[in-house]
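What follows draws every value from the coordinates through simple rules; no lab data is involved. Quick caveat, the model's predicted, so the values are computed rather than measured. Here the Cβ positions follow ideal geometry from the backbone for every residue, glycine too, while neighbour counts run over all protein chains shown.
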Amino acid sequence: MKFESSSIVRYALYGASAIVFSEIAYHSYFWLKNQISKMSTSKEICEVIWTNELTQSCVSQHRRFTTASSSGNVSASGSPTMSELNRIVKLPSPKKSQMDCSNPFCAAYNVGRLLEFIDSAKYSLDLAMYTFTSYDLAQAFNRALKRGVLIRIMSDHEMAYSSGSQIIPLTKAGVPIRCNSNTMFMHHKFCIIDSPQRNDAIFKKLNKSTKRCHTRGIVLTGSLNWTMQGFGGNWENILITSNPEYVRSYEEEFERMWNAFNFDMKPAAAATAAGTPK
């Protein structure tokens with residue numbers, strides 16, 4: 001009887017120890033994961049992208065990525081190539097071209113670099129862009145939508161309806177978009193990726209928790225409109241930074257403008273505008 005009692009006690013202690021150790025392992029795993037996440041976001045990003053007269057110097061190198069017709073100026077699909085009229089009118093595929101190009105100002109590399117940052121967004125994307133016609137970047141936003149990233153866009157009330165605008169398709173895809181309703185231009189060109197302030201609000205709402213969401217905010221800003229001309233035919237710049245003070249300043253101004261703008265683009269209105277000749 002005494003032997004049976006001691007066995008029961010021993011097995012009970014084994015079971016209790018196993019539960020305790022499993023709990024310790026469980027919480028240690030998430031603690032370690034959180035620490036690794038913090039370490040991976042601790043290194044500050046500071047990068048500048050330039051477009052200039054050398055942006056087109058790699059045109060001939062990229063021709064091999066385009067199936068040209070006998071004239072050499074029109075692709076098999078009927079679209080103009082980069083070399084038509086001696087200027088870039090169709091950017092090469094960023095993923096195919098950027099790794100093979102030695103030109104530090106290459107348009108394909110520049111677009112591809114922005115795609116990398118946008119594709120890294122985990123929770124939020126806030127964009128303020130005067131003119132947005134880049135199909136590649138719009139597709140990156142669509143991919144973000146499919147990942148569950150929450151997106152907000154502000155644009156100029158006239159340029160949002162301009163020819164080739166990607167604002168209209170994104171509106172139809174369900175992205176909330178606001179524009180200015182006065183005669184001033186909404187002339188900003190910046191994007192905030194995983195704004196800590198916005199992510200904290202999203203995290204609390206989705207998880208019903210007061211824990212902070214540890215993400216590194218990144219700002220893309222500069223003179224460049226997200227257009228083919230901007231990436232391939234102008235002198236422009238884009239500053240990429242994760243400096244917390246700069247990120248905080250941009251996210252506060254975006255939030256202030258978002259609340260100040262009272263003109264929400266509606267999908268139906270956008271579709272009507274898109275079909276109206278200018």
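Short version: what are the Cα gyration tensor semi-axes of segment 160-211, square root of 5 times each eigenvalue, largest first, in whole Å?
Result for segment 160-211: semi-axes of 29, 15, 10 Å.
Under 17 Å from the Cα of Lys266, which aspartates and glutamates turn up, not counting those fewer than eight places away in the same chain?
Asp156, Glu158
Would you mind calculating the gained length between Asn243 and Glu47 on full extension (0.36 nm times residue separation, minus the Cα-Cα distance), in nm to one decimal?
Length gained, Asn243 through Glu47: 69.4 nm.
Please compute the net charge surrounding Glu251, taking Lys and Arg as +1 and Asp and Glu as -1 over other residues with Cβ under 12 Å from its Cβ.
-3
How long are the semi-axes of the equivalent ellipsoid of segment 121-267, defined as square roots of 5 times the Cα gyration tensor eigenvalues? Whole Å, largest first.
After scaling each eigenvalue by five and taking roots: 24, 17, 15 Å.
All other residues with a Cβ under 14 Å from the Cβ of Ala138 taken together, and with Lys, Arg as +1 and Asp, Glu as -1, what is their net charge?
Neighbour charge sum, excluding Ala138 itself: +1.
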